[in-house]
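Remarks on the structure that follows.
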Amino acid sequence: MSATVVVDGVAKWYGDRVAVADVSFELSPGVTGLLGHNGAGKTTILKLCSGFAPPSKGVVRVLGKDPRVDPSAYRHLGITPDGDAIWPFLTAREVVATLARLRGVADPAAAAERAIGLVGMEDAIDRRVGGFSKGMRQAVKLAQALVHDPDVLLLDEPLNGLDPARRRHVVELVQRLGAAGKTVLVSSHVLHEVERMAPRVVVLVNGRLVAEGFTSEIRALIADRPRAVRIDAGAATRTLVARLVGVPGVGAMRLDGEGAVIEADDVDAFARALAPLAREAGATLRRVEPVGDDLESVYAYLHARARGAAR
Amino acid sequence: MTGVVAVLLLRGVVRGKRMFGLGAVALAPVLLALVATGVHVPDPTTFVAGVLESLFLPTVAAFVALILAAGVLGDERDDGTILFLAATPLPRRTLVLGAFLAATAAALAILLPAAVVVILAAGSVTIGGLLHLVAGTILTVAAYCAVFLFLSLATRRPVIFGVLYILIWESVIAGFAPSAQRLSIAGYGKTFVADALPDAGRGGVPDWDPTASLVVLVLVIVVGVTASTWALRRAELP
């Protein structure tokens, strides 16, 4: 399947600060997640793909065009930018219909009603955006991105600020768009959020692409990574740690005031071995919990792995 | 589509207290002119002409145009709404033209009534004189808006640079050095406005051909809008 969005060797820097470095990927019809921690470069990549900023190096093409050079690309490109500012003096209908008109839609009024219906905002269609909550503004932003029925959608954190019901609605909408053959790039810093929408992900860490592929592969990669586990068996902790020496999948161990921290290369093997060994040692496990299992450490692992430094 | 963009941007730029503040600025020459006619100024015509030529065009009109032209796309860029306009297939020229028209219309809504009141205070004015005044004000304000629109897209501090230009160049240097008037927007505008005044009020006005002044002001507008289009194409949006 031919690529609809091409990002080739793209870098973007502001003075001494590198926002993204040497990022290359291609998108085909379907939903792709753009995953990364805050400040990873997701918004910069979306800005570059949107034509809002020129790359310092490399090439970006959307449907074979550079939107900065050829604005006609925006006929087929829908964008929900970062931030929630929309003209507060306009109603939701006016915002969406005006942008439909500017994008050359044949019947802007009908298209606006349809798009606002798609995001479930019919009830507030004639209310001024100035009085909207963040979630409602997000919905209007999404409606204006859909109003001209674009082939490519670039959505920057579209679930931010949405209540659970609207969040579910938007997830289903994005899934439907992907199934309908649209190319959707949707950014988020939450893996399980992206997982629900996108079968594929591109992972950025500190401005670099560190992983790319099916969401299930990335999930497996994350699950298989070495992890630190804290155990606490009270007075028997030291005995239990001694018995763990030499167990497959168990690396470095250290005792501290709250028990012991075990570096596990193979978490599954460690988990299988732990309970029988505790029984043998007569130890009662009071606590077994992962250490540093937050997303930041996941991204740090992927970054290290991409640089060949992971174990 | 220029009209749709212009109306949208006009609605944005006239919101809030800004228009009231600028209206108060435009009241200054009006009050001066009315006071001059109310009290016994020896030569009210010359006085009012001086207000029009030395205060209204080079300072008040320039300042009002600066604030509105700097805000029309500057505000959109600051709050991010410019991205919605940028994400349309419209040529960047259309966006700039819409912004130029919005800023000029908003500025004229404040300045034209003030100019008319000032000129009426000067004494007997003909219909032809009024038309000269309106044409001169429109052209001068439009030229200022084109230049300041470019400034708003080319720099991060358009108001500071604009105020320096108005205070140092338009109000001081061009006022004292006749040759500097050749590079002053107000200088060209005055040649029209002066035709609205009785002969007594033409003291500080350059003796230029109004047609040449018209050409220069139109050129300034064309160059300003073209340069703004170029700057918007190159601009990095938020």
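The values are calculated or read from the model by the stated rules, or taken from the named source; none is laboratory data. The shown structure was predicted, so the numbers you read here are calculated from the model rather than taken from an experiment. Glycine also receives a Cβ, built like all others from the backbone with ideal geometry; neighbour counts cover every protein chain displayed.
Can you give me the ranges of the strands (runs of 3 or more DSSP E) entirely in the range A:1-103 with at least 3 residues that are buried (at least 17 other Cβ atoms within 10 Å of the Cβ) and not β-branched (Val, Ile, Thr)?
A:17-27, A:30-36
Restricting attention to the range A:104-117, and to residues there that are assigned to a loop (DSSP other than H, G, I, E, B) and not hydrophobic (A, V, I, L, M, F, W, C), which single residue is nearest to residue A:166 (Cα to Cα)?
Only one residue fits best here, namely A:107.
Where residues in the range A:39-52 are touching a Leu at 6+ places or on another chain (Cβ under 7 Å) and within 14 Å of another protein chain (Cβ to nearest Cβ), which of them is farthest from residue B:238 (Cα to Cα)?
A:49
Against the conditions (1) on the phi > 0 side of the Ramachandran plot; (2) within 14 Å of another protein chain (Cβ to nearest Cβ), where does residue B:123 fall short? Just the number, please.
All conditions are met except number (2).
When you look at residue B:110, is it closer than 30 Å to residue B:1 by Cα, touching a residue at least 24 places away in the same chain (Cβ under 8 Å) and of a type outside the set (Ser, Thr, Tyr), yes or no?
Criteria met by residue B:110.
Among the residues of the range B:105-127, write down those that are within 30 Å of residue A:81 (Cβ to Cβ) and buried (at least 24 other Cβ atoms within 10 Å of the Cβ).
Residues satisfying the conditions are B:106, B:107.
Would you pick out the residues in the range A:58-109 that are at the interface with another protein chain (Cβ under 7 Å from one of its Cβ atoms), over 30 Å from residue A:11 (Cβ atoms) and not aliphatic (A, V, I, L, M)?
Within the range A:58-109, A:87, A:89, A:98, A:101, A:103, A:104 meet the criteria.
Take the residues of the range B:79-99 that are under 16 Å from residue B:1 (Cα atoms) and small (Gly, Ala, Ser): which is surrounded by the most Cβ atoms within 10 Å (Cβ to Cβ)?
If we take residues in the range B:79-99 being under 16 Å from residue B:1 (Cα atoms) and small (Gly, Ala, Ser), then B:99 is surrounded by the most Cβ atoms within 10 Å (Cβ to Cβ).
Within the bounds of the range B:35-43, is there any residue that is part of a helix (DSSP H, G or I), under 22 Å from residue B:166 (Cβ atoms) and out of contact with any Leu (no Cβ under 7 Å at 6 or more places or on another chain)?
So far as the range B:35-43 goes, no, none of its residues is part of a helix (DSSP H, G or I), under 22 Å from residue B:166 (Cβ atoms) and out of contact with any Leu (no Cβ under 7 Å at 6 or more places or on another chain).
So which residues in the range A:181-228 are over 18 Å from residue A:303 (Cβ atoms) and assigned to a helix (DSSP H, G or I), if there are any at all?
Matches in the range A:181-228: A:192, A:193, A:195, A:196, A:197, A:215, A:216.
Given the criterion among the small types (Gly, Ala, Ser) and in contact (Cβ under 8 Å) with a residue 40 or more places away in the chain, identify the matching residue among A:83, A:15, A:36, A:117.
A:36
May I ask you to verify whether residue B:87 is touching a strand residue (DSSP E or B) at 6+ places or on another chain (Cβ under 6 Å) and more than 23 Å from residue B:16 (Cβ to Cβ)?
yes
Filtering the range B:71-99 down to residues that are of a type in the set (Lys, Arg) and within 23 Å of residue A:80 (Cβ to Cβ), which residue is farthest from the other protein chains (Cβ to nearest Cβ)?
Among those that are of a type in the set (Lys, Arg) and within 23 Å of residue A:80 (Cβ to Cβ), it is B:77.
Tell me yes or no: at least one residue of the range A:118-136 is within 25 Å of residue A:49 (Cα to Cα), assigned to a loop (DSSP other than H, G, I, E, B) and within 14 Å of chain B (Cβ to nearest Cβ).
Within the range A:118-136, not a single residue is within 25 Å of residue A:49 (Cα to Cα), assigned to a loop (DSSP other than H, G, I, E, B) and within 14 Å of chain B (Cβ to nearest Cβ).
On the basis of being within 19 Å of residue A:84 (Cβ to Cβ), in contact (Cβ under 8 Å) with a residue 60 or more places away in the chain, crowded, with 16+ Cβ neighbours inside 10 Å and hydrophobic (A, V, I, L, M, F, W, C), does residue A:155 make the cut?
yes
Given the conditions (1) assigned to a helix (DSSP H, G or I); (2) at pLDDT below 90, and given that residue B:123 satisfies all but one, which numbered condition is not satisfied?
Going through (1) assigned to a helix (DSSP H, G or I); (2) at pLDDT below 90 one by one, residue B:123 breaks only (1).
Can you name the helices (runs of 4 or more DSSP H) wholly within the range B:127-238 that have at least 2 residues being hydroxyl-bearing (Ser, Thr, Tyr) and modelled with pLDDT of 80 or more?
In the range B:127-238, the matching helices (runs of 4 or more DSSP H) lie at B:127-154, B:185-193, B:210-234.
So is residue B:102 in a helix (DSSP H, G or I), among the small types (Gly, Ala, Ser), more than 14 Å from every other protein chain (Cβ to nearest Cβ) and crowded, with 23+ Cβ neighbours inside 10 Å or not?
no
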